[in-house]
Ligand SMILES: Cc1ncc(COP(=O)(O)O)c(C=O)c1O
């Protein structure tokens, strides 16, 4: 093996000027907006503050040790689907598993948005728009109302059309943290012609005391997205899943590459699903801590904290870049959200451990 690392001899400007046959839409698209920063109190990615329990890691490792790494895994992670089905209460044939729910967002945009329409609100989780742009879908984003409620009339008018497409809704919403009234979600479903897939992204549902699972049996065109990255503390393992009627699930599965969930990954998730008790205790702590952070900052002299049903808060400050830098100086890393239309000055702060939240509250109050 050579220790010499060769590099391109062209300079960056030359490499950038070549188009490589890559579609203009891809060349124009922004990269996912994230840069890694180290800080003692990390509240920037809505992760669980706690790692997967060591006892469960040991069990998962043992499972990996006894699996055949030379063999391809279960093609559609069928045995894991059975376990998710039993846990969630939805039939295994209607489950599609991927390395993170991000992959499902892209697959849905590919299945029903590409050469058709993607409907969403703005601001919303950035991948809905990013995938649409990469796939050259006709992206329609309606601004949330100033109080972050849904622009119901505009969405309903679009959904009533027979123009085929996919609509993305996150409940609780990201990045506002708002949970919209169930009647509004149902009104959108009722309005949607069967030309639409209605995606309800439940990445944070565990913190909200509400799931839309009951809607799956009532509307054939609903998909629910879930992830193990948040409440389950397994963001590093990368697993998300879709729940839908089996016919729709089969169509989405076709978009994905075969064997897309590794056997190693399946071993971890199966272990978590066999002993899920740790998750509930963590959810309860997030909910308690969320209320504590909100109460502490509700009457902040210059910031406005928005109520949240997720594991983070959106906070409006006079200037997001300044707030971000000042908090970082105090060891607290948060995420700027001010590039979204309507979120001028906003930062998003995850709920951490009680000690981390205390550190954040103290730092925030010093900025009054
Ligand atoms: C609303 C929403 N959906 C989906 C995801 C993607 O989660 P993952 O790909 O880790 O499953 C995120 C991640 O932050 C999110 O905020």
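The values are calculated or read from the model by the stated rules, or taken from the named source; none is laboratory data. None of these values were measured; they are calculated from a predicted model. Positions of Cβ are generated from backbone atoms using ideal geometry, with glycine treated the same way; all protein chains shown enter the neighbour counts.
Within the range 1-26, no residue that is assigned by TED's automatic domain parsing to the domain that holds residue 137 sits with its Cβ atom under 8 Å from a residue that is modelled with pLDDT under 85 at 6+ positions apart or across chains.
Specify which of the listed residues (75, 84, 59) is crowded, with 21+ Cβ neighbours inside 10 Å and either touching a helix residue (DSSP H, G or I) at 6+ places or on another chain (Cβ under 9 Å) or part of a loop (DSSP other than H, G, I, E, B) (or both).
On the way: 75 fails: crowded, with 21+ Cβ neighbours inside 10 Å; 59 fails: crowded, with 21+ Cβ neighbours inside 10 Å.
Every option except 84 fails the conditions.
Residues that are under 17 Å from residue 243 (Cβ atoms) and more than 16 Å from the ligand (Cβ to nearest atom) within the range 96-119 comprise 111, 112, listed in sequence order. Scanning the range 319-366 for residues being more than 21 Å from residue 290 (Cα to Cα), touching a residue at least 60 places away in the same chain (Cβ under 8 Å) and more than 24 Å from the chain's Cα centre (by Cα) gives a total of 0.
Does residue 361 fit the bill of being assigned to a helix (DSSP H, G or I), out of contact with any strand residue (DSSP E or B) (no Cβ under 8 Å at 6 or more places or on another chain) and either at pLDDT below 95 or in the same structural domain as residue 30 (by TED's automatic domain parsing) (or both)?
For residue 361, the condition - assigned to a helix (DSSP H, G or I), out of contact with any strand residue (DSSP E or B) (no Cβ under 8 Å at 6 or more places or on another chain) and either at pLDDT below 95 or in the same structural domain as residue 30 (by TED's automatic domain parsing) (or both) - is met.
Within the range 131-144, is even one residue in contact with a strand residue (DSSP E or B) (Cβ under 7 Å, 6 or more places away or on another chain), within 16 Å of the ligand (Cβ to nearest atom), in the same structural domain as residue 236 (by TED's automatic domain parsing) and assigned to a strand (DSSP E or B)? Yes, the conditions are met somewhere in the range 131-144.
Restricting attention to the range 196-233, the residues being near the ligand (Cβ under 9 Å from one of its atoms) and more than 20 Å from residue 156 (Cβ to Cβ) number 9.
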